[in-house]
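See structure below.
The values are calculated or read from the model by the stated rules, or taken from the named source; none is laboratory data. Bear in mind the structure is a predicted one, so any value in this text is a computation, not a measurement. Here the Cβ positions follow ideal geometry from the backbone for every residue, glycine too, while neighbour counts run over all protein chains shown.
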Amino acid sequence: MTEQAHPEWDASYTADTPAPWDIGYLMCFSDRQPGTWGPRRVRADELRAAFSDGWAIESITADTFEIHPMDGTTQVQAWLAAIRRN
């Protein structure tokens, strides 16, 4: 699952529930990405807080993903989170 992070995480986002034995994956722009274009940058602690109730964070890993060229950039800094429903 790939999502653009919204300024405020809400219960409707974190309520999309895979079965308890499944792991959901989320990739979003990281606060390590310079610039102001594109989606809002997300801090790792924001991901932890958003999934603190009813979820187990398996990992949050620094990663990258490819984008269509924008301002000379074709790759952006991201977080890849593996999250399991409790």
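Listing for the model above:
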{"read-out": "Of all residues making up the range 44-86, the number that are more than 19 Å from residue 23 (Cβ to Cβ), free of Cβ contacts under 8 Å to residues at least 40 places away in the same chain and of a type outside the set (S, T, N, Q)", "value": "8"}
{"read-out": "Wholly within the chain, strands (runs of 3 or more DSSP E) carrying at least 1 residues that are more than 15 Å from the chain's Cα centre (by Cα), modelled with pLDDT under 90 and among the small types (Gly, Ala, Ser)", "value": "none"}
